[in-house]
Amino acid sequence: MITRFAPSPTGRLHLGHAFSALTGHDRARAAGGRFLLRIEDTDRARCRPDYEAAIHDDLAWLGLTWETPVRRQSDHLAAYDAALDRLIAQGLCYPCGCTRADIHAALCAPQEGVTHLPPDGAVYPGTCRNRPMADRRPGDAIRIDLARALAAAPSHLPFIETGPERMGRHRLDPAHMLATIGDVVLARKDIGAAAYHLCVVVDDAQQGITEVTRGMDLFDATPVHVLLQALLGLPTPLYHHHRLIRDAAGKRLAKRDDARAIATYRAAGATPADIRRMVGL
Ligand code: GLU
């Protein structure tokens with residue numbers, strides 16, 4: 001069993017991260033498996049070296065140990081570009097110059113059947129879907145044409161969830177994915193480099209991850225990852241989505257929520273055992 005904790009160094013780790021890292025670490029240790037740390041730092045504008053150092057410091061303070069060297073996404077950009085090229089060669093991608101404002105304007109009416117926000121915040125309305133890749137302009141993002149991609153892969157691909165909330169065998173549901181996830185971004189316009197959905201799939205395969213540990217907030221992104229694995233010829237790991245740590249108002253913790261940063265509790269004299277207790281472990 002090989003699992004990982006994959007934070008982005010865009011802020012201090014909070015109680016939600018502590019829960020995620022401890023969950024993965026405890027499960028790996030209990031199974032006699034391996035626990036890896038991965039730094040998801042492709043977003044150069046938001047990632048900072050001091051946050052990255054603080055991740056190591058907070059996790060070590062919590063009592064976690066992980067294998068070295070630690071994988072950093074910024075060291076592997078060529079691998080993501082190669083994966084993107086494979087998807088482009090399969091005719092599954094298109095360039096997109098839409099801004100957030102364009103997308104929201106095109107989505108003037110709430111979409112029927114969308115009961116929760118998809119992984120990228122809104123289901124892309126498809127404005128640029130007919131643009132060929134040859135038309136890519138500087139500053140364009142690249143999106144996957146989800147309908148085409150689903151048609152190119154064996155339909156209803158399975159994946160196994162081991163987390164408590166949706167435990168069991170799931171199958172991709174193309175109609176549901178089109179309505180709730182849509183044409184996600186594979187390479188971002190502002191950084192010109194591969195985006196989360198593509199990097200995570202390449203990384204998990206290259207690191208030999210057998211069980212992905214992460215929060216329930218990413219459960220709806222998993223079908224896209226399983227699809228990308230099939231299109232890229234990569235294995236599908238098991239998935240373990242854990243419950244989310246919420247604030248008193250029931251909101252999922254965010255990086256800017258410094259009040260719940262591990263560092264804040266450390267400064268106030270909390271022990272690692274206190275943190276475990278606070279997250280219900
Ligand atoms: N980097 C992501 C985050 O900070 C986690 C990605 C994953 O576990 O797949 O939320």
Answer yes or no: is there a residue in the stretch 3-23 that is near the ligand (Cβ under 10 Å from one of its atoms), of a type in the set (A, V, I, L, M) and in contact (Cβ under 8 Å) with a residue 40 or more places away in the chain.
yes
What are the residues in the stretch 134-148 that are exposed (fewer than 14 other Cβ atoms within 10 Å of the Cβ) and among the hydrophobic types (A, V, I, L, M, F, W, C), if any?
A134
Go through the stretch 7-114 and tell me which helices (runs of 4 or more DSSP H), entirely inside it, have 1 or more residues that are surrounded by 14 or more Cβ atoms within 10 Å (Cβ to Cβ) and out of contact with any Ser or Thr (no Cβ under 9 Å at 6 or more places or on another chain).
15-30, 49-62, 77-89
When you check I262 against the structure, is it closer than 19 Å to T23 by Cβ and out of contact with any strand residue (DSSP E or B) (no Cβ under 8 Å at 6 or more places or on another chain), yes or no?
no
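Of all residues in the stretch 173-224, count the ones that are in a loop (DSSP other than H, G, I, E, B) and hydrophobic (A, V, I, L, M, F, W, C). Reasoning before the result, please.
Going through the stretch 173-224, the residues in a loop (DSSP other than H, G, I, E, B) turn out to be 173, 181-184, 188-193, 195, 207-210.
Subsequent filtering for residues that are hydrophobic (A, V, I, L, M, F, W, C) retains 181, 184, 191, 193, 195, 209.
Here the count works out to 6.
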Within the stretch 226-248, is there a residue that is away from the ligand (no atom under 15 Å from the Cβ), of a type in the set (S, T, Y) and under 21 Å from A21 (Cβ atoms)?
no
How many residues does the stretch 186-225 hold that are away from the ligand (no atom under 13 Å from the Cβ) and closer than 16 Å to I160 by Cβ?
2
Scan of the stretch 146-173 for residues that are touching a strand residue (DSSP E or B) at 6+ places or on another chain (Cβ under 8 Å) and either β-branched (V, I, T) or over 10 Å from V226 (Cβ atoms) (or both), ordered by number
H156, I160, E161, T162, G163, P164, E165, R166, M167, G168, R169
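For the stretch 24-36, which positions are of a type outside the set (G, A, S) and either without any contact (Cβ under 8 Å) to a residue 24 or more places away in the chain or under 28 Å from G250 (Cα atoms) (or both)? So that I can check it myself, show each step before the final result.
Of the residues in the stretch 24-36, the ones of a type outside the set (G, A, S) are 25-27, 29, 34-36.
Within the stretch 24-36, H25, D26, R27, R29 meet the criteria.
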Which listed residue, of A152, A205, A195, is modelled with pLDDT of 95 or more, closer than 16 Å to R86 by Cα, among the aliphatic types (A, V, I, L, M) and under 16 Å from the mean Cα position of the chain (by Cα):
A205
Could you run through the stretch 154-172 and say how many residues are part of a strand (DSSP E or B), of a type outside the set (F, W, Y) and in contact (Cβ under 8 Å) with a residue 12 or more places away in the chain?
5
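The values are calculated or read from the model by the stated rules, or taken from the named source; none is laboratory data. These numbers were taken from a predicted model, which means no experiment stands behind them. Virtual Cβ from ideal backbone geometry, glycine too; neighbours counted across all protein chains shown.
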